[in-house]
Every structure is written in structure tokens, then in C-alpha cells.
1. Could you state the per residue volume, in Å³, of the convex hull enclosing the Cα atoms of segment 21-102?
2. Out of the DSSP beta bridges found with both residues in the chain, what percent are antiparallel (nearest 5)?
3. At 0.36 nm per residue, and after removing the present C-alpha to C-alpha distance, how many nm does the segment from residue 43 to residue 191 gain when stretched out fully?
4. What number of lysine-lysine pairs in the chain show an alpha-carbon separation below 26 angstrom, given a sequence spacing of 8 or more or placement on distinct chains?
5. Grab the alpha carbons of the chain, take their convex hull, and tell me the volume per residue in Å³.
6. Within segment 160-174, name every residue whose backbone N is under 13 Å away from a label modeled 7 Å from Cα of residue 147 along the Cβ vector.
7. If each DSSP helix of 4+ residues adds -39,500 (n - 2.57) and the sum is divided by the residues in the chain, what number results at 222 nm, nearest 500 deg cm²/dmol?
8. Quick one: which residues, 5+ away or cross-chain, put their amide H under 5 Å from the amide H of residue 159? H built at 1.01 Å from N.
Amino acid sequence: MKAMIFAAGRGERMRPLTDTCPKPLLKVRGRPLIVWQILNLVRAGITDIVINHSHLGQMIEETLGSGRQFGASIAYSAETSPLETAGGIAQARHLLGDAPFVAVSADIYCPHFNFEQVKNTLEDNDVWNNPHPPDKRDVAWLYLVKNPDFHPDGDFALNSFSIANKGDPRYTFANIGVYRPEIFDAIIPGQHAKLAPILREYADRGQVGGEVYRGDWFNVGTPEQLAHLNTPFNERTP
């Protein structure tokens, strides 16, 4: 299985830190955010990694190189300007191949997420749902988290292991998902395209599965959030 790490965002809310450093290279507990993702993927045996980038992207390539230092093989997909999530995937389709792949944002911190669980998720679901025809099988599997304070209404409902656009309880998309690459075939490389509308369309068809991840997960979006994570536990204010 291949992986894609989204690293093309400008990180406007993280300014002025991101004026001179791409957001994925900002450090949490002594390690760049994106390196946490790479090491977790490699630990699960997912070593073929595609990284897209735009703002200060050359710094990302210079820092991570070929990936050999992490036990990975990294390919880069450069974007003149950020193409959004689905657009970034379409731009990198030639690097991702035709099998399901896992994708994760570079700017989340989830140090204990076990990527072993993603490796056969869609294939196992095919067997479980057999003999459903291919047009009824799940095209994506999303990992959700409890709604953080900054996103109290969540993104999706979860009925058993099926993602729904409406209903309760609602959860927030953790920016970790497994996708069948063919759902991006209609997007022309270089085209701006968001992921959410695609997922919502397939969710309405009953073709998106998911589950709740209950481990540590943080969206690192502002200098204050970054500083909080880098503050020792015994020094944090309630």
C-alpha cells in the first residue's frame, strides 16, 4: 500500500511562523509534524510515500530528501499553487498507482495512530459485503474523532460503520482516510478540487465507511496550538 501526505497548504493561520518555514516542518516535541506521519507509516510497513507541496516546498524536499533516513521512499508532487485535497490527489495520480492508498494531512499530530489498521480496510470490507456488486462497495474509509472545541458540529454522522451526511452522533474527520484512486479520475491534473463534495456524494450512495479513532489527535492550526503541544504537561494551564 502507498501513502500520500498532504503538505501543500500555506498555513495562513500559523503566520508569521509559516512566512519562512512550511507548516509541515514546524516542530512538535522536537520533531517536524510531517516526520511524525512518516515514522508512523514506516512503522506499519507503509514505506512508499507521496508528498505534495507548494509553499516553500523546496525546503520540504531538502529536509526529507529521498526518505531513506526514515526507511521510506518518498516521491514529490509539486504544485505551483495549492490544488486543494482532491486536486492534489489527481495531480499525483501517476505516483499513487491503481490500488487503494492511505492519505493523511501533514499538519495533524496523532503520534500513536497505528497505520497497520488501514492496510486492508477496503479489501476486508469487500469480502464482508460480498456479494454486493462493485458499484455498491465502499470507495473510501474515513477515520473520525470526537468533535474538538473549534469544530463542535462535526463533519459526518456514523451509523455502525457507515458514514452519513446527516444524523447523530456526529464526528469530525481526522484527515486520515483510505481511498480508491478511481474516484478521482474525473479531476484533470492541475485542476483545483475539494475532497469533501466527493465524499459527501458517495456517502449519500452508502459507499463510504468509517470508524472512530479514540487516541491522541490534535489539529495544529495556530501558533497557540503549536505552543500548547510543546509545553510540558506539568507547565500547562487548564
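1. Convex hull of Cα atoms, per residue: 97 Å³.
2. Counting only bridges with both partners in the chain, antiparallel ones make up about 50 percent.
3. Contour length minus Cα-Cα distance gives 49.9 nm.
4. Qualifying lysine pairs in the chain: 16.
5. Expressed per residue, the convex hull around the Cα atoms of the chain is 126 Å³.
6. Correct set: 166-173.
7. Calculated at 222 nm, the ellipticity per residue is -6500 deg cm²/dmol.
8. The list, which skips near neighbours in sequence, is 164.
Bear in mind that the values in this text are calculations on the coordinates, not laboratory data. All figures in this text were calculated on a predicted structure; none of them were measured in a lab. Here Cβ is always computed from backbone atoms with ideal geometry, including for glycine, and neighbour counts include all displayed protein chains.
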